[in-house]
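I have placed the structure first, in the form of structure tokens, so that the comments after it can refer back to it.
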């Protein structure tokens with residue numbers, strides 16, 4: 001970064017600090033990962049200088065001969081990897097990609113979306129009332145049962161009653177296998193009942209890498225549309241892809257064209273060509289046998305971590321995990337997710353606070369935390385390290401137990417201010433952070 005250091009030493013210094021932070025901590029937010037150097041090299045290229053409104057061989061700007069080849073390669077690699085006939089690699093990220101699906105298929109203020117409630121592990125763009133998806137479309141949220149699992153019979157009954165135009169499956173905080181076939185049966189029945197298509201969208205952003213690795217079932221035979229981000233378990237750059245299956249094209253032969261028009265010119269301008277190239281690189285990496293082993297290791301690590309934490313008395317939503325993430329209800333530990341997440345960060349373990357099903361606490365101070373194994377698995381950690389990590393998590397949470405969070409809003413603000421001042425001085429947490437740093441020094445970033 002010699003040029004950056006010369007032109008803008010302040011930004012160069014902060015980037016170096018962030019690199020050191022990433023090296024020194026256990027990054028366990030399940031939606032984060034480390035890209036390869038090849039992916040980062042593709043991002044930092046002259047492609048960032050080009051503007052490419054439109055699609056390959058149908059651009060509104062000249063000079064896109066090379067960019068066209070790159071985008072076509074990215075599309076072809078995704079088609080082959082997932083076994084789908086249509087791919088759009090231009091969405092800037094997951095939320096715009098989901099927006100494009102809604103714009104392409106639904107009529108605002110009329111058609112219904114049915115997705116998992118945000119408070120039960122769904123995403124903002126799946127119909128949350130604070131999102132565009134809930135503001136401009138009618139929404140019917142479904143929930144998890146008392147065991148923290150999807151109840152397909154109840155979901156089917158709700159769908160039959162509400163008759164949504166779009167059902168969304170695929171979530172941000174669900175630690176179990178998704179039965180795409182059962183979702184398809186629900187959507188197909190509603191289509192027959194109403195006499196018009198009920199589309200099924202699989203948002204597989206979190207589990208894409210696991211699907212590619214063969215450790216989670218694929219939605220391809222069952223759903224109409226697939227949206228995925230390209231970071232998370234796929235280990236690519238920040239970005240997203242939209243895919244249409246053979247089933248989707250049978251339902252609507254123009255589905256791909258509708259999505260294309262929704263992405264551009266409906267919601268976006270020119271694609272980020274450097275991002276497209278980096279996606280292509282990540283897809284090539286994901287096609288290798290080593291990636292399958294990586295996906296299997298993610299799940300093995302998550303299951304081992306879940307087992308160890310359960311032994312320490314942690315209450316895991318649904319009782320464990322089948323994929324890359326764990327959702328922990330900390331109510332029995334007498335600490336909320338905000339306090340726990342900050343204490344863990346001080347201890348060098350980065351997770352995120354998260355609501356749990358039927359949470360009685362507000363979203364900013366929820367009852368749970370969400371953590372996962374993709375990034376630490378990328379670094380080469382295995383089950384042996386999961387045992388250590390579980391022990392550190394237990395010690396860190398024990399250190400901040402019985403932090404009574406006031407119900408009064410003003411008292412809560414004061415408590416939180418005082419807690420943030422004191423937690424950074426906690427000697428036991430700082431000792432854990434030193435031990436974490438010793439471990440991470442043995443597992444360098446890619």
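The values are calculated or read from the model by the stated rules, or taken from the named source; none is laboratory data. All values reported here derive from a predicted model rather than from experimental measurement. Every residue, glycine among them, receives a Cβ derived from its backbone with ideal geometry; neighbour counts consider all protein chains shown.
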Among the residues listed as 234, 242, 200, 249, the single one being surrounded by fewer than 24 Cβ atoms within 10 Å (Cβ to Cβ) and either in contact with a helix residue (DSSP H, G or I) (Cβ under 9 Å, 6 or more places away or on another chain) or farther than 20 Å from residue 123 by Cβ (or both): 249
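Output the number of residues of the range 126-155 satisfying the condition of being buried (at least 19 other Cβ atoms within 10 Å of the Cβ) and in a helix (DSSP H, G or I). Spell out how you get there, then give the answer.
Of the residues in the range 126-155, the ones buried (at least 19 other Cβ atoms within 10 Å of the Cβ) are 126-128, 131, 133-134, 137, 139, 141-142, 144, 148, 150, 155.
Still in the running and in a helix (DSSP H, G or I): 126, 133-134, 155.
Of the residues in that region, 4 qualify.
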Qualifying positions in the range 316-350 - surrounded by fewer than 22 Cβ atoms within 10 Å (Cβ to Cβ) and within 30 Å of residue 217 (Cβ to Cβ): 316, 318, 319, 320, 322, 350
Some residue of the range 2-16 being closer than 27 Å to residue 209 by Cα and surrounded by fewer than 18 Cβ atoms within 10 Å (Cβ to Cβ): no
Hits in the range 44-83 (condition: surrounded by fewer than 20 Cβ atoms within 10 Å (Cβ to Cβ), in a loop (DSSP other than H, G, I, E, B) and touching a residue at least 40 places away in the same chain (Cβ under 8 Å)): 44, 45, 50, 51, 53, 61, 83
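Working carefully through the options 419, 405, find the one that is modelled with pLDDT of 90 or more and within 18 Å of residue 334 (Cα to Cα). So that I can check it myself, show each step before the final result.
On the way: 405 fails: modelled with pLDDT of 90 or more.
Testing whether each residue is modelled with pLDDT of 90 or more and within 18 Å of residue 334 (Cα to Cα) leaves just 419.
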Residue match in the range 362-373 (condition: free of Cβ contacts under 8 Å to residues at least 60 places away in the same chain, part of a helix (DSSP H, G or I) and not assigned by TED's automatic domain parsing to the domain that holds residue 231): no
The range 288-308 residues that are on the phi > 0 side of the Ramachandran plot and in the same structural domain as residue 176 (by TED's automatic domain parsing), paired with ones that are buried (at least 18 other Cβ atoms within 10 Å of the Cβ) and part of a helix (DSSP H, G or I) (beta carbon under 9 Å, 6 or more apart): none
